[in-house]
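Presented below is the structure to which this report refers.
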Amino acid sequence: MADLERHNVTGPLGGLDEWEDDLRRRYPSPAEVLEADKSSMPRAFRDYRAETRPQVKEFYRLHHRHQTVDFVRAKRDEYLSGLPGCSPAGGETAATDRGPRRQMGIWEALEFLNTLVDDSDPDTSLAQIEHCLQTAEAIRDDGRPRWFILTGLIHDLGKILCLFGEPQWAVVGDTFPVGCAWSDAIVFQEFLAENADAGVPDYQTRCGIYAAGCGLDNVLMTWGHDEYLYHVVRDYLPREALYMIRYHSFYPGHREGAYAHLMNDADRQYFPWVKAFSPYDLYTKSAERPDVAALRPYYEDLVAEFFPPTLVW
Ligand SMILES: [Fe+2]
Ligand SMILES: [Fe+2]
């Protein structure tokens, strides 16, 4: 593609990888848990919060302060109006100052995403496209269906929000509902005291602006790469895949079991897929770099099976 200019991300993290590395510290793999249990330092005595790097804490402080109902509605208006078949929650669509929407194919979007440069340790940080391919290849190795493999490949494409100028805290981070009481299961929940919604009584009841059991499709989630990509690809993938994409960062929901009171039958039916996807996302990071050029033909075929040549971004 023509635009191979390198882009840095704005925010306290050395790169988006740093949030995901921190997630692996918070949710170690079953193999790591076994290993830690055998070591001299039992896992129960390890303090995730104390071990969290200052830049990750600062990232969560900013995330939790700025992800308000008004912010989420504004981002939905900005990014979702103009997508085929999308009408953002809240009715009216505000004019976007981003100009005409970008048209890109899936592979082109992967290459665009890959222009993000991380400042974190270059020896351990993978290029974005490598994380996408490692995730997809692990799913493929397990003999999963083709749509599942494709979901692994594309699940983080929403991170191109960074390339549209969004700060890190509006792209990554654990997602959770806004407009209702925050769960204790949200990481660094105390930073939410700085969120303006803390002063809105209607947003501080258990269900807030929602009805119990209304279904997550009717709930505003914090804005980030998951929700954005869901809307871009929603016409092309099976519902299982769409749940994985939309809720893969909703750790309070799929890991901690929070917000069950807002879920409906469809959420209960499809959340097992979100859980099935999560280990591939979290635990397939390896130092062995995938051969992007060799894998590309297989994935181009797979993309063409489900997607048109270009999508609106
Ligand atoms: Fe992600
Ligand atoms: Fe990911």
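For the stretch 143-159, filtering for residues that are within 19 Å of PHE306 (Cβ to Cβ) and either among the acidic types (Asp, Glu) or within 13 Å of ligand 1 (Cβ to nearest atom) (or both) leaves 8.
Considering (1) assigned to a helix (DSSP H, G or I); (2) under 25 Å from TRP19 (Cβ atoms); (3) in contact with a Leu (Cβ under 9 Å, 6 or more places away or on another chain), the lone condition that LEU295 does not fulfil carries the number (2). When the residues of the stretch 278-311 are filtered to those that are surrounded by fewer than 16 Cβ atoms within 10 Å (Cβ to Cβ) and among the aliphatic types (A, V, I, L, M), which remaining residue is nearest to ligand 1 (Cβ to nearest atom)? Restricting to residues being surrounded by fewer than 16 Cβ atoms within 10 Å (Cβ to Cβ) and among the aliphatic types (A, V, I, L, M), the top hit is ALA287. Among the residues of the stretch 225-234, some residue qualifies, meaning at least one is in contact with a helix residue (DSSP H, G or I) (Cβ under 7 Å, 6 or more places away or on another chain) and away from ligand 2 (no atom under 16 Å from the Cβ). Screening ARG268 on (1) of a type outside the set (Phe, Trp, Tyr); (2) within 13 Å of ligand 2 (Cβ to nearest atom); (3) over 20 Å from GLY158 (Cα atoms) shows it passes everything except condition (2). Summed over the stretch 135-191, the residues that are in contact with a strand residue (DSSP E or B) (Cβ under 9 Å, 6 or more places away or on another chain) and either over 18 Å from GLU227 (Cα atoms) or among the β-branched types (Val, Ile, Thr) (or both) give a count of 4. Remark: ASP202 matches the filter, which requires a residue to be surrounded by fewer than 23 Cβ atoms within 10 Å (Cβ to Cβ) and assigned to a helix (DSSP H, G or I). Scanning the stretch 247-277 for residues being of a type in the set (A, V, I, L, M, F, W, C) and within 14 Å of ligand 1 (Cβ to nearest atom) gives a total of 3.
Within the stretch 242-259, residues that are under 10 Å from SER278 (Cβ atoms) and small (Gly, Ala, Ser) sit with their Cβ atoms under 7 Å from residues that are within 15 Å of ligand 2 (Cβ to nearest atom) and in a helix (DSSP H, G or I), at 6+ positions apart or across chains, in these pairs: SER249/ASP226. Within the stretch 271-288, residues that are under 12 Å from ARG255 (Cα atoms) reach partners that are among the hydroxyl-bearing types (Ser, Thr, Tyr) and within 16 Å of ligand 1 (Cβ to nearest atom) with beta carbons closer than 6 Å, at six or more positions or on different chains, in the pairs VAL274/TYR243; VAL274/TYR247.
For the stretch 133-141, the criterion of being assigned to a helix (DSSP H, G or I), within 15 Å of ligand 1 (Cβ to nearest atom), crowded, with 17+ Cβ neighbours inside 10 Å and polar (S, T, N, Q) is met by at least one residue.
Please go through the stretch 169-194 and pick out each residue that is closer than 30 Å to LEU113 by Cα and either in a loop (DSSP other than H, G, I, E, B) or over 22 Å from the mean Cα position of the chain (by Cα) (or both). Scanning the stretch 169-194 gives VAL171, VAL172, GLY173, ASP174, THR175, PHE176, VAL178, ILE186, VAL187, PHE188. Is there a residue in the stretch 77-88 that is within 16 Å of ligand 2 (Cβ to nearest atom) and either at pLDDT below 95 or of a type in the set (Lys, Arg) (or both)? Scanning the stretch 77-88, I find no residue that is within 16 Å of ligand 2 (Cβ to nearest atom) and either at pLDDT below 95 or of a type in the set (Lys, Arg) (or both), so the answer is no. All told, ALA193 falls short of being touching a Ser or Thr at 6+ places or on another chain (Cβ under 7 Å) and free of Cβ contacts under 8 Å to residues at least 60 places away in the same chain. Tell me, yes or no, whether the stretch 231-242 has at least one residue that is farther than 23 Å from LEU113 by Cα and either within 14 Å of ligand 1 (Cβ to nearest atom) or in a helix (DSSP H, G or I) (or both). Looking for residues that are farther than 23 Å from LEU113 by Cα and either within 14 Å of ligand 1 (Cβ to nearest atom) or in a helix (DSSP H, G or I) (or both), one finds at least one in the stretch 231-242, hence yes.
The values are calculated or read from the model by the stated rules, or taken from the named source; none is laboratory data. These numbers were taken from a predicted model, which means no experiment stands behind them. All Cβ positions, even for glycine, are placed from backbone atoms using ideal geometry, and neighbour counts span all protein chains on display.
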